[in-house]
Amino acid sequence: IILENDLEQSLDNDQIRLFYQPKIDIRSGEIVGLEALVRWQHPLLGMIPPLEFIPLAEKSGFIIPLEQWVLRTACAQVKTWEQEGRQVVPVAVNVSQIHLMKPDIFQSIMSTIHELDFDTQLLELEITESAMMHNEDHVISILNDLRRAGISVSMDDFGTGYSSLSYLQSLPIGCLKIDRSFVRKITTDTDSRAIAEMIISMAKQLGLTIVAEGVETEEQVALLKEIQCYNAQGFYYSKPVSADEITSIYL
Ligand code: G
Ligand code: G
Ligand code: MN
Ligand code: NA
C-alpha cells in the first residue's frame, strides 16, 4: 500500500529514471537502436527494477502517465543528441497492454511527437506478444495508424505468447524480438535452437527484422550469426545504462 502511494507520486517527485540498452548489429558491432527502460529511484529503497513496480502501475492505471513520460523523455533525449550533432539511432519504448487498449493512444502519441517536432522514423514501440493478443481488431487498427505515421512496432518477448501464424501475418509490425528464454539455452539445448531457427526463417518469410534478446555470451553471438540472426541486445554488449553513458560510449 505504501509503495502504491509512493508510486503515484514518483513522477512528481522526480524519482523515475530512464536507462537505455543498445541493440547491436552482430556483424559490424555498430549500434542500430536503443531500448528505453524505466527505473524507480526510491528515496529509501534505492533503485527498484521495473518487474517490481510495473505490475503495480498496471493495476492502478499509473502505467499510462508513466509510459507517456517515458515516450516524451526518450524522444526528447534523441532530439537532444540530434541537436548536438551526434549520430542518432531509433529509440524503442515499451507499451503495456493497458496503454495499448486506451482508445486515444494514437492521438496521444502523435501529440507528443508534434510537440517535440520529433521524426517518427526514430521511434519504435515494443509490445509483447501477449499484449497484442487481446482485442485483435483494436490492435490491428492502432498498428495501422502507427505504421501510416511512420512509427514501427516490434513484437516483444516473441515465442512466449502463442500467437497464431495467421494473426502474425495480419499484423503490421516490423520486427520480432526473440524472447531471451530461448536465447539463454540456444547453445546448449537443441529445442531452443530449433525454435530460434524457426522464428528466424518465419520472420524472413514475413519480411520482418529480428532481434535476439538477452544475449550474454560470445558463443551465443557466434551461433546467432550462423543461423542468420544479425541483431542482438543483451549483457554481452551492454546492460541498460544512463543516457550519459550511451553518449560517451556509443554516440
Ligand atoms: O529494465 P529491465 O531489464 O529490468 O526490465 C524488466 C522488464 O520491465 C522488461 O520486461 C521490460 O520490458 C519492462 N519495462 C521496462 N520499462 C518499461 C516500460 O516503460 N513499460 C513497460 N510496460 N514495461 C517496461
Ligand atoms: O522484456 P524486455 O525485452 O523489455 O526486457 C528487457 C529486460 O531484460 C530488462 O530487464 C533488462 O535488464 C533485461 N536484460 C537485458 N539484457 C539481458 C541479458 O543479457 N540477460 C538477462 N538475464 N537479462 C537481460
Ligand atoms: Mn522490450
Ligand atoms: Na523482452
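What shape does the stretch 131-251 have by the C-alpha gyration tensor, where a ≥ b ≥ c are the square roots of the eigenvalues, rounded means a/c under 1.5, and otherwise prolate means a/b greater than b/c and oblate the rest? Taking the square roots of the gyration eigenvalues as a ≥ b ≥ c, the stretch 131-251 is oblate.
If you plug the beta carbon distance of E245 and L116 into 1/(1 + (r/R0)^6) with R0 = 22 Å, you get a FRET efficiency near 0.45. Length gained on full extension, T190 to E136, computed as 0.36 nm times the residue gap minus the Cα-Cα distance: 16.2 nm.
Protection proxy ranking, highest mean first, for peptides 207-216, 232-241, 54-63: 207-216, 232-241, 54-63, where packing is the per-residue count of other beta-carbon atoms within 10 Å, averaged.
Each part gets one Cα centre, and for the stretch 164-228 versus the stretch 88-136 those centres are 23 Å apart. Quick check: from the Cα gyration tensor, does the stretch 2-244 come out rounded (a/c under 1.5), prolate or oblate? Because its axes are fairly even, with a/c under 1.5, the stretch 2-244 counts as rounded.
Taking every alpha-carbon pair under 8 Å whose residues sit at least 6 apart, the chain reaches a relative contact order of 19 percent. In degrees, nearest 10, range 0 to 90: what is the angle between the Cα axis of helix 136-148 and the longest Cα principal axis of the chain? Roughly 90 degrees between the two axes. One chain, two ends: A222 and N144. Fully extended at 0.36 nm per residue, the span grows by 24.5 nm beyond their Cα-Cα distance. Taking label points 7 Å from Cα along the Cα-to-Cβ direction, Y167 and S201 give a separation of 2.4 nm. The count of lysine pairs in the chain with alpha-carbon distances below 23 Å, taking only pairs 8 or more places apart or on different chains, stands at 17.
Read-outs: derived from the displayed coordinates by stated rules, not from any lab. If you're wondering where the values come from, they're calculated on a predicted model, not measured in any experiment. Neighbour counts are summed over all protein chains in view; Cβ atoms, including those assigned to glycine, are modelled from backbone coordinates with ideal geometry.
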